[in-house]
Amino acid sequence: MDPWVLAYDGFDPATEGLREALTTLGNGYVATRGAAAEAEADGVHYPGTYLAGCYDRLESHVAGRTVTNEDVVNIPNWLPLTFRPAGGEWFAPGGGVRILACRRWLDLRRGVLTRLVRVRDGDGRTTVVEERRLVSMDDPHLAALAVTVTPEDWDGLLEVRSALDGRVVNAGVARYRELNGRHLVPLAAHSSADGVVELLARTATSRVEIALAARTTAPGHPGARRAAVTRRAWVADVLTLHAHAGEAVRVEKVVAVHTSRDRAIGAPAEAARAAALRAPGFEELLERHAGAWERLWARARVEGGDAEVRQILDLYAFHLLQTASPHITDLDVGLPARGLHGEAYRGHVFWDELFVFPYLAPRFPGVAEALLRYRWRRLPAARRAAAREGRAGAMFPWQSGGDGREETPELHYNPRSGRWLPDNSHLQRHVGLAVAVNVWRHHRATRDAAFLAGFGGELMAEVARFFASLAVREGDRYAIRGVMGPDEYHDGYPDRAEPGIDNNAYTNVMTAWLMRRVLETPAVADAGGLTAADLDRFAELAHGMRVDFHDGVISQFEGYGELLELDWDRYRRGYGDIRRLDRILEAEGDTPNRYKASKQADVLMLFHVLGEEELSRLLAGLGYAWDAAAAARTVDYYLARTCHGSTLSAVVHAGVLARVRPGASEPFLVEALNSDVRDVQGGTTAEGVHLGAMAGVLSLFGRSAG
Ligand code: BGC
């Protein structure tokens, strides 16, 4: 097995979505799922293309309510390319042209997706098609296909149709089907005199103009005839040429994408047309693209494991870098939790960069800094959000998108019960702590004094101000009430009407951590304009945050110890996979809020982020008794009560157990490694990869190797 090559044989409708996600090609600016070039969205294939940071907000009517959601926009499809013997049937899924054999493989080293199909049409003509595809890591506005069509047993006229398709909608996630996904308004579709077809659309409410231009050529066939076909929001070039049995006909499609958000351009349509005309042929594009990847790989690779593990590590680094690529240093984009690989979570940015920074910050500090800039530009929005809650400092949203407002949907859908339910996950205030940790990690990786004295320090100080104002004094301790921890299965108390839990240990201890860091780092206080009064309060919190304990372990939150034990055996027997216990219980008319059952690592996040030593120091500083036995008890306790309904959970457990209970770590490492490549959450990878888990795996190996 070549660890650089991820190969799939045959065609399997059930796993096509997964394969498309894992063969996505992108460059940080744009990414396209690895869908067949001749396919349209049809429930099996989903040829999505996404631009980093290109969001659009639409209203939808569900469950008797009007809700507003912001989505990353599925932009016009640049892939369409198909063929037919003149007068025959176009090759397309579900048509009369049968696939006899097919294979596709992704060359991770060079970033090239190749697909080979052998087909036979209704008249018995057999043809072999090979397609190579790239999304340029060299010039982020360019993508290309090189296709050879070889008739095996026929001669005659061959037609090749190369299109741009603006009729697409956001429909990549079945759960969102009831929501409005019509984000594109078609503006123009035409062919220009220079042999380029062009499509112009704009997003419905954010009004980003998106222009695509495609130049399709048949280099070895100067006599090829060209005809353009235009329909609403769809335009194609049809090339007609003579084909002979056994002789390959080669066609190239070079596509340029520009938007009204791009810098240093005039009109997007003009920029795209000029770029498509100027671009070299496929082989030269490929050479430059592969050169860019070679430079990335020199820094990106993490060593470790056998060939199979190697391949997974390279695959995960590949997908991470296709989203968080050096090209984002010139963009205003955060880290979408599911990459630019699908529409799950609507392209939103959560806290997942917390899992990405340990890998990214030392290797690609410029990219890490760009992700922090994304947060910094949204500091005014976060300050306004804090002020609306009567707090100081900056309150970052749990889900962040275009302008930095809270994008967490008001309702989420349980496919098991068919019910829309209130979504309280925006109460995960700890996302701000992740921003502060990332500032700190970036500083540790770069030792860049200007960063901490500048926007990095300002971010950290503003988050600290917020948490200092969130904490309330109760007796001799400081409490934080009405929030959610990382574990999304607890969004409230069973007997309390308002959502939120109190004194989440992760939030409270990380607050103490942040206060200490700020107090030790005068540059942060200067950058954030912190006053003596601010620092006095921070010092009180650093020593006074409340942490609850029960049964000799840290309580995930106040009152956790009084919750019921779940009958784990009954649920495992009854349902098999209980990762999404929340949906199971809700469908039964119950709620996880009643049980000691967590979706994902929560208390254990403290071990993961801080390490045992720093956690011990912090707890000692807070005046709590803590030792190695308490740590081991706490790890075992939550290990037995977590269902791993998030891919992040296996990463945390693998890392923590490797240190505290080495024998128990292996299954979690395997689960973390398999998270996307084997789609362990049962169908979620098809909707987008899990960048936090991917990067988490890379740092698990990076750490053990280093
Ligand atoms: C997890 C969150 C995570 C989000 C995006 C959720 O399922 O519970 O911790 O940030 O997915 O990856």
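Cβ-Cβ below 6 Å, separation at least six or inter-chain, first residue in segment 327-353 and on the phi > 0 side of the Ramachandran plot and at pLDDT 95 or above, second near the ligand (Cβ under 10 Å from one of its atoms) and not in a loop (DSSP other than H, G, I, E, B): which pairs?
G339/L691; G347/P336
Considering each of R517, R573 in turn, give the residue that is in a helix (DSSP H, G or I) and within 25 Å of L610 (Cβ to Cβ).
Answer to the selection: R517.
When you check V547 against the structure, is it under 34 Å from the mean Cα position of the chain (by Cα), assigned to a helix (DSSP H, G or I) and either within 27 Å of W440 (Cβ to Cβ) or at pLDDT below 95 (or both), yes or no?
Considered against the rule, which asks whether it is under 34 Å from the mean Cα position of the chain (by Cα), assigned to a helix (DSSP H, G or I) and either within 27 Å of W440 (Cβ to Cβ) or at pLDDT below 95 (or both), V547 comes out as no.
For segment 591-706, list the helices (runs of 4 or more DSSP H) that sit wholly inside it and hold at least 3 residues that are within 12 Å of the ligand (Cβ to nearest atom), open to solvent by less than 10 Å² (accessible area, probe 1.4 Å) and modelled with pLDDT of 95 or more; which are they?
In segment 591-706, 647-660, 691-705 are the helices (runs of 4 or more DSSP H) which contain 3 or more residues that are within 12 Å of the ligand (Cβ to nearest atom), open to solvent by less than 10 Å² (accessible area, probe 1.4 Å) and modelled with pLDDT of 95 or more.
Take the residues of segment 537-566 that are among the acidic types (D, E) and exposed (fewer than 12 other Cβ atoms within 10 Å of the Cβ): which is farthest from L619 (Cα to Cα)? Break it down into steps so the answer makes sense when it comes.
Our first condition is that a residue be among the acidic types (D, E); within segment 537-566, this holds for 540, 548, 551, 558, 562, 565.
Applying the additional criterion that residues be exposed (fewer than 12 other Cβ atoms within 10 Å of the Cβ) yields 551, 562, 565.
Values: D551: 17, E562: 23, E565: 27 Å.
Per the stated criteria, the residue is E565.
Among the residues of segment 64-71, is any under 14 Å from the mean Cα position of the chain (by Cα) and either under 25 Å from G683 (Cβ atoms) or outside any strand (DSSP E or B) (or both)? Spell out the reasoning first.
From segment 64-71, those under 14 Å from the mean Cα position of the chain (by Cα) are 71; that's our starting set.
Next, only the ones that are either under 25 Å from G683 (Cβ atoms) or outside any strand (DSSP E or B) (or both) stay: 71.
The answer is yes; a qualifying residue exists.
List the number of the failed condition for D577; all other conditions in (1) buried (at least 20 other Cβ atoms within 10 Å of the Cβ); (2) in contact (Cβ under 8 Å) with a residue 40 or more places away in the chain; (3) not small (G, A, S) hold.
Failed condition: (1).
Of everything in segment 425-463 that's touching an Asp or Glu at 6+ places or on another chain (Cβ under 7 Å) and open to solvent by 30 Å² or more (accessible area, probe 1.4 Å), which residue is nearest to the ligand (Cβ to nearest atom)?
H426
Show the residue pairs that are 6+ apart or on different chains and have beta-carbon atoms under 9 Å apart, the first residue being within segment 469-487 and open to solvent by 30 Å² or more (accessible area, probe 1.4 Å), the second being within 16 Å of the ligand (Cβ to nearest atom) and at pLDDT 95 or above.
Short answer, once both residue conditions are applied: R481/I501.
Report the residue count in segment 334-372 for those that are open to solvent by 10 Å² or more (accessible area, probe 1.4 Å), more than 19 Å from A31 (Cα to Cα) and within 12 Å of the ligand (Cβ to nearest atom).
2
Filter segment 15-47 for residues that are part of a helix (DSSP H, G or I) and of a type in the set (D, E, K, R) and give the result.
Those that are part of a helix (DSSP H, G or I) and of a type in the set (D, E, K, R): E16, R19, E20.
Six or more apart or on different chains, Cβ atoms under 6 Å: show the pairs whose first residue is in segment 616-643 and free of Cβ contacts under 8 Å to residues at least 12 places away in the same chain and whose second is open to solvent by 10 Å² or more (accessible area, probe 1.4 Å).
W626/S616
Any residue in segment 380-400 that is within 16 Å of the ligand (Cβ to nearest atom) and under 20 Å from V524 (Cα atoms)? Reasoning before the result, please.
The initial filter retains those residues of segment 380-400 that are within 16 Å of the ligand (Cβ to nearest atom), namely 396-400.
Subsequent filtering for residues that are under 20 Å from V524 (Cα atoms) retains 396.
Looking through segment 380-400, at least one residue is within 16 Å of the ligand (Cβ to nearest atom) and under 20 Å from V524 (Cα atoms).
The values are calculated or read from the model by the stated rules, or taken from the named source; none is laboratory data. Bear in mind the structure is a predicted one, so any value in this text is a computation, not a measurement. Note that we place each Cβ from the backbone using ideal geometry, even for glycine, and neighbour counts take in every protein chain shown. Ligands, DNA and RNA are stripped out before the accessible areas are found, and what is left, the full protein with its side chains, is counted by its heavy atoms. Shrake-Rupley method; radii C 1.70, N 1.55, O 1.52, S 1.80 Å.
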